[in-house]
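Report on the following structure.
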Amino acid sequence: MAIQHPLTLAFGLLGNIISFLVFLAPVPTFYTVYKRKTAEGFQALPYVLALLSSMLYIYYALLKEEFKEDAAFLITINSFGCVVETLYISLFLFYAPKKARISTLRLVFLLNVFGYGLMMLLTRFLATGEIRLKIVGWICLVFSLSVFVAPLGVLRQVIRTKSVEFMPFPLSFFLTLGAVTWFFYGLLIKDYNIAFPNILGFLFGIAQMVLYIVYKNTKKVLEEQPKVQELSEHIIDVVKISSLVCPELSPVVLQPNLDITNDMIETVQNIIVMAEKTEEAKEAMDIDASNKV
């Protein structure tokens, strides 16, 4: 390994550590898949693109080594990434519904087998020297952006369902932290194919975390709202029935934004009172009927 500037060495090591955590961040997600015995609702696209990105950067790093440029940090972390992402995809395929399994297999074949193989053949036989290195570098840059953008595919689902169940926060957090580290590493070694995509990676990561904070507690609210609405409608129906049976009783006035926790006791008490009066009125009517007979 060539002698590196202390800052370059520091950011390279830190980038490897954080990227290691990034690759492990989806573990809770796949543990959930394992417990549920289904991958329904989850997407394989981020992991397929992450695998392709790792494969591309290994190829790019090997080309850099040919020009005596140190690329050990890229080789080590992306080799680990290839292994981990392959395990994730395999687990997804095992638990995914048939339709999702078929579409994922097609995606893997199209991108990771056919696409990657075609890129290697073209760059090996149609480009040479530094031109080949630059072409592969630009391809790596594009797919790095795809890796950062891929988790945003669930943002529409998060906004639509108001649930962050399918957008793991650890992945967004570590992607953001890793983007900052690799940006400075790329800047220090003057490799802008590494530095540039991490600018957008940082912005996308922040966007995901903000959305997570906004919607993380929404699911509980949505689950409770139907119960509150159902209870309120039930109380209103009881009041209407009481008014019909005994018109002289004053019905309970329900505010449009009824606070269940504060008004529940009072409302229930009013209903009990109305029920008692209704029963008294019914008994009085029975007595009157008996007297007439």
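Taking the condition of a type in the set (A, V, I, L, M) and either closer than 30 Å to Gly137 by Cβ or at pLDDT 75 or above (or both), does Ile236 pass? Full working, then the answer.
Working: of a type in the set (A, V, I, L, M): yes; either closer than 30 Å to Gly137 by Cβ or at pLDDT 75 or above (or both): no.
No; evaluated as a whole, the condition is false for this residue.
Among residues belonging to segment 1-22 that are within 28 Å of the chain's Cα centre (by Cα) and at pLDDT below 85, point out the one that is surrounded by the fewest Cβ atoms within 10 Å (Cβ to Cβ).
Step by step, filter segment 1-22, then rank; the result is Leu21.
Return yes or no: is Thr29 in a helix (DSSP H, G or I), at pLDDT below 90 and either among the basic types (Lys, Arg) or touching a Leu at 6+ places or on another chain (Cβ under 9 Å) (or both)?
Working: in a helix (DSSP H, G or I): yes; at pLDDT below 90: yes; either among the basic types (Lys, Arg) or touching a Leu at 6+ places or on another chain (Cβ under 9 Å) (or both): yes.
When the stated conditions are applied, Thr29 passes them.
Taking interchain pairs and intrachain pairs at least six residues apart, which have beta carbon atoms under 6 angstrom, with the first residue in segment 29-41 and open to solvent by 20 Å² or more (accessible area, probe 1.4 Å) and the second of a type outside the set (A, V, I, L, M, F, W, C)?
Listed pairs, sorted by first residue: Thr38/Tyr95; Glu40/Pro97.
Suppose we keep only residues that are of a type in the set (Val, Ile, Thr) and open to solvent by less than 80 Å² (accessible area, probe 1.4 Å) within segment 77-112. Which one would you say is nearest to Ala10 (Cα to Cα)?
Step one: of segment 77-112, the residues of a type in the set (Val, Ile, Thr) are 77, 83-84, 86, 89, 102, 104, 108.
Okay, now just the ones that are also open to solvent by less than 80 Å² (accessible area, probe 1.4 Å), so 77, 84, 86, 89, 102, 104, 108.
On the way: Ile77: 15, Val84: 24, Thr86: 29, Ile89: 32, Ile102: 43, Thr104: 38, Val108: 35 Å.
Of everything passing the filter in segment 77-112, Ile77 is nearest to Ala10 (Cα to Cα).
Yes/no per residue for (1) modelled with pLDDT of 85 or more; (2) open to solvent by less than 50 Å² (accessible area, probe 1.4 Å); (3) more than 20 Å from Met55 (Cα to Cα); (4) assigned to a helix (DSSP H, G or I):
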site: Glu130; (1), (2), (3), (4): yes, no, no, yes
site: Ile135; (1), (2), (3), (4): yes, no, no, yes
site: Trp138; (1), (2), (3), (4): yes, no, no, yes
site: Ser144; (1), (2), (3), (4): no, yes, no, yes
site: Val149; (1), (2), (3), (4): no, no, no, yes
site: Leu152; (1), (2), (3), (4): no, yes, yes, yes
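The values are calculated or read from the model by the stated rules, or taken from the named source; none is laboratory data. Just so it is clear, the model here is predicted, and its values are computed rather than measured. Glycine also receives a Cβ, built like all others from the backbone with ideal geometry; neighbour counts cover every protein chain displayed. Quick note on the areas: whole protein, heavy atoms, side chains included, nothing else; ligands and nucleic acids left out. Shrake-Rupley method; radii C 1.70, N 1.55, O 1.52, S 1.80 Å.
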